[in-house]
Amino acid sequence: MDVEQMKAFTDRCSQCAAVSWGLTDEGKYYCTSCHNVTDRSEEVVSTAVIPNTKINSISRGLRQRSKHEKGWDWYVCEGFQCILYHQAEALETLGVSPELKNEVLHSFWKRYLQKSKQAYCKNPVRTSGRKAKVLEDNLQSSDWGSDFELLSDTTCPPESGAEFQSDSQTPKPFPATKRSSKSASVCSGSVDGVEYSERKEKGLLKMTVPRTLALCYLSLLWQRETITLSDLLRFVEEDRIPYINAFKVFPEEMKVYGRDKGIFAVESWPDYEDIYKNMIEVAVFLDLPRFPDITEDCYLHPNTLCMKYLLEVNLPEEMYTLTCQVVKLTGIGEVDFLTFDPIAKMTRTVKHDVQAVAVIVLVLKLLFLLDDKLEWSYSDLAEAYNEGHKEETPQFDFRKWYQVMKKTFDEKRRKWEEARAKYVWKTKRPLYRSHIDKSVAYKRREMVENLQKQFSALIGSAPEVERQAPSSFQLNWTGEDTGSPCFHGHSLQGLLISKGQALITKNSLYWLSTHKFCKSYCKHVTTYEESNFSLSYQFILNIFSFLLRIKTSALHEEVSLLEKKLFEKKYNESKRSSRSKKVRRH
Amino acid sequence: MMSDFSEELTKLAGAEDNPETSEFSKTRMHFPWLQKHIEAVVTGGKKRKDFAQTTSACLSFLQEALLKHQWCRAAEYMHSYLQTLEDSDTYRKQAAPEIIWKLGSEILFYHPKSNVETFSSFADRMKNIGVLNYLKISLQHALYLLHHGMLEDANRNLSEAETWRYGEKSASQEVLIKLVQAYKGLLQHYSWSKKKMELSELDEDDYAYTAKSRNMLSQSSKTSTNICTLIKTPGVWDPFVKSYVEMLEFYGDQDGARELLTNYAYDEKFPSNPNAHVYLYEFLKREKAPRAKLISVLKILHEIVPSHSLMLEFHTLLRKSETEEHRKLGLAVLFEVLDFSGCTKNITAWKYLAKYLKQTLMESHREWVEEEWKSRRNWWPAFHFSFFWAKSDWKADAELACEKAFVAGILLGKGCRYFRYILKQDHETLKKKIKRMKKSVKKYTIVNPGVHT
């Protein structure tokens, strides 16, 4: 009867427009996606969970409640599942196709649970593996199956919540072994938080919050989506994807404290290298097959990315042909090179974004040498030419470009630093180490909120800068209101000379970013000591590494590695290679 | 009275800020690498969380905004900085309330949208974060209220703070409690002196007079106990000492006042404080103490602050003294006053010097003059007697120029440009004076004729 009634109530939620209703204890409807409680109520005869429905009883925990906290019993992996779910949701709102969540990420996560023997396998390990209380197990076994469902339902809107529903034979987690022996100070909101944080098995890849992001990126890569790793991390930084203190997306009833703090509290933005490393580790752990091919029509192909970054940093489109040349000569555009294969002997993957940017840096070096001299004398020539030929397409003037970029970049960077300084890390749910600290933590939180209220009244009435829509472009030059000159259409005429059929760069010199690569066992192949390099080179590395939010040294390394590919012979001959390399244009 | 309070407020605020600014000046001194290095050492080489990085960046933006008086912007950063109260790093969490209080109260003091209620509610909140800040914040809160003329509220605040106890920790805050009490005493003194004023307007035979004076007496005894404990502790307690002495004198306890002031000036445990000597001197002057006694007090003041305005008074005392040593010192005192750029236009000082130079030379103590001149010979001409000064002095104050010209003539000879410039001027009233001056210079100049500068 109830079911029918529930089905009958098909109005859209007034807050989030979803149609997914649950019943509260009082018999009122609440929206399962936004927890908005309606005035409409139904007389519910039985409040027990009815199988195969999406109606759940909020705050009527099916599992045991802990003594101290009212809330659900939940497992650490469920926490990660919840985070992953919200991350996938966020990606979907960013325009990623829904298959990513429904198929790819879902199966990756399933595979992870399987590989880490937490679910979807014959003998799932839970906690310390003690088979506790069979009786209790039996009693509750009928519920366990729907417990996962319960979580999915309440943390996620039902229409997609089913994604994470378990198959009937799966998870059969052992009830938590009670932590009576532990001292009161070692505790956690989750059932297995303490055990989880102490687990150190060989060959096991424990899930962490950074690894959820690695999983997300793996799915993006699998889907060949138009999001690079640096984009993904920037979206995290812009708070478009849950990551920083991601436990804030947990439902109220999932209490987070004690050891959970170490697992879920994140107070740093993700680091490119770190996530990259994690991504490979996760892929290897999951034993994933070769990823779909990255071909020339993919966004992640260096040619596409080069074009994108050329536009982004306001360089002439004509440079595209040169970047394509470099991509071809170095072989970094090959499918086998670009495609990620975790099973391969030497597991590595391409940092697509960093590499594309490195190509551009290399081309700039080919064109202008960037020795703090030649680029300026070329600029003089271009300026003089443009003075005399005002009607024609202007020649690219490095100095002018530098001035425009410097101004924009400094401004951008200042704003970025200010925004970071104002970033709000602390969530409404304070974290505390144990029950003893709980009231103190909540009191502090209240105090902070009150003080913040007081100061927010004193903040200038200037309206907050409207949040820009998410974009893979951080800089825009072609719009009407940009106010800065756009160099996309400028020509490279003054920088190239024709020689027979081909055009070659006027500049015939080149210097290598790294002469000798480090061969010791330390991880970096080269170092970047700023003062050793020309100011132009420093400037270019700075803008690009800022755009990608990576360390300047990382970009320098990528440039060096790319040069190694391009000038392989020179390296092999082990000659001091500062001789010219000409790029032909067909 | 009120001006004393506000002065004290700024003084106290300044004193309070010192340890902090020196700590923060690391960032202002432009050694960012040093700062980073120190932080890396503190965290044991571990990478700092971005939380720690952004909040410390937030703090420097906040300080920058305060420095530029951008109160709205500062409030914006404060809004974010409040997060440090929840820092998981215990050390930083404990340091946070004090920083927030100092910067926050500054914002609220100046922000156009802020008012007494906002400030008070901020203070009340901050008092209860971290035990050790309670007294300091209470005291500063009271000073803020005083600044806004809310004496009763301030008094209530101080009374609350006075009775505050927190187990062991209150012991370490003894000085602060004493200070709180002393400020209470100061407030009582204020109402006492108001009553004193009213009393002076009343007739002594009036019935109200006796009641009032009895009332005053009880007030004063409360005040003395409140202030007394503080001023026995070494420190600079000028307003308290002044008020207390005023009361002692009013009730005829001259010995008590003298003892207190002598102790305040001469006790070695107390920091060197020119005002202590000034107070003692003023008290002795009121008492009509012998000249030798006055001279001995001012001698110390002269050592600490040779440019003090009392130095001219000191000079007159010395001039009249019988001992030669004092009279010689009298000359040195004048020279030293005029060493300070703030005193260069002090006509009394120049007048005294001109007169006293003449007197000294007449008494043929030429070696005294030469001794003082020796160390100034190479910089006074440019400092006081340049052609530029001659012109501008004459334009601004002809009388001053005359006195200076005389001194210049004596010290540098009649060929000196300052002297010659003034001599050339034609002035109706000063004509005679200049003529006389020319004569005396000729007679007394310490420069041998023929040697011109």
Task: Order of exposure, largest accessible area first, which applies to A:Thr408, B:Thr90, A:Thr349 with probe 1.4 Å - done: B:Thr90, A:Thr408, A:Thr349
TODO: Give, to the nearest whole percent, the P(r) tail of the stretch A:342-473 beyond 18 angstrom, counting all Cα pairs.
DONE: 78 percent
Task: Modelled FRET efficiency - R0 60 Å, B:Glu371 with A:Thr552, Cβ distances, 0.05 increments - done: 0.35
Open item on the list: Testing the spin-label approximation: label points 7 Å from Cα along Cα→Cβ at B:Lys442 and B:Glu363. State their distance in nm.
Closed with: 2.7 nm
Open item on the list: With 15 Å as the cut-off, how large is the P(r) tail for the stretch A:355-432, expressed as percent of Cα-Cα pairs?
Closed with: 72 percent
- [ ] Could you order peptides A:277-289, B:185-197, B:105-117, A:551-563 by the average number of other Cβ atoms within 10 Å of their residues, highest first?
- [x] A:551-563, B:185-197, A:277-289, B:105-117
Open item on the list: Can you tell me the length gained on complete extension of the stretch B:Ser307 to B:Ala398, counting 0.36 nm per residue apart and subtracting the Cα distance?
Closed with: 30.4 nm
Task: Contour excess over end-to-end distance, with Cα ends at B:Tyr251 and B:His147 and 0.36 nm allotted per residue - done: 34.5 nm
Task: Residue-averaged beta-carbon neighbours from other chains (10 angstrom radius) around A:88-95 - done: 0
Task: Shielding by other protein chains, B:70-78, mean Cβ within 10 Å - done: 5
Open item on the list: Test of the criteria: in the stretch A:397-490, which GluC sites (Glu not before Pro) are in a DSSP loop and have at most 14 other Cβ atoms within 10 angstrom of their Cβ?
Closed with: A:Glu464, A:Glu466
Task: Over the stretch B:338-444, equivalent-ellipsoid semi-axes from the Cα gyration tensor in Å - done: 20, 17, 12
Task: Neighbour net charge for B:Arg156 - beta-carbon separation under 12 angstrom, K R +1, D E -1 - done: -3
- [ ] Could you give the spread of the C-alpha atoms of the stretch B:50-129 along their three principal axes, from largest to smallest, in whole angstroms?
- [x] 33, 29, 14
Task: Spacing of the two label points (7 Å from each Cα toward its C-beta) at B:Glu324 and A:Glu391, in nm - done: 10.3 nm
Open item on the list: Report the rotationally averaged projected area of the stretch B:329-401 based on its alpha-carbon convex hull, in square nanometres.
Closed with: 4.8 nm²
Open item on the list: Kirkwood Rh and Cα-based Rg: tell me the resulting Rg over Rh for the stretch B:250-322, rounded to two decimals.
Closed with: 0.97
Open item on the list: Show me you know the interface measure: the accessible area buried between A and B, both chains summed, probe 1.4 Å, in Å² to the nearest 100.
Closed with: 3100 Å²
Open item on the list: Using 21 Å as the Cα-Cα cut-off, could you pick out the over-long pairs in B:Lys136/B:Lys184; B:Lys136/B:Lys196; A:Lys261/A:Lys426; A:Lys351/A:Lys422; A:Lys308/A:Lys499; A:Lys351/A:Lys415?
Closed with: B:Lys136/B:Lys196; A:Lys351/A:Lys422; A:Lys308/A:Lys499; A:Lys351/A:Lys415
Open item on the list: Over all directions, the average projected area of the alpha-carbon convex hull for the stretch B:54-183 comes to how many nm²?
Closed with: 8.3 nm²
Open item on the list: If I histogram all Cα-Cα distances within the stretch B:178-285 using bins 5 Å wide from 0, what percent of pairs lands in each bin?
Closed with: 2, 12, 23, 20, 19, 11, 7, 4, 1, 0
Open item on the list: Could you tell me the calculated FRET efficiency between B:Lys424 and B:Tyr110, based on Cβ-Cβ distance and R0 = 56 angstrom, to the nearest 0.05?
Closed with: 0.55
TODO: Report the calculated FRET efficiency for B:Arg286 and B:Phe340 (r = Cβ-Cβ distance, R0 = 41 Å), to the nearest 0.05.
DONE: 0.90
Task: Residue mean of other protein chain beta carbons inside 10 Å, A:422-429 - done: 5
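The values are calculated or read from the model by the stated rules, or taken from the named source; none is laboratory data. Just so it is clear, the model here is predicted, and its values are computed rather than measured. Cβ coordinates were reconstructed from backbone atoms using ideal geometry, including for glycine residues, and neighbour counts include every protein chain displayed. Note: accessible area is taken over every heavy atom of the protein model, side chains too, but ligands, DNA and RNA are not part of it. Shrake-Rupley method; radii C 1.70, N 1.55, O 1.52, S 1.80 Å.
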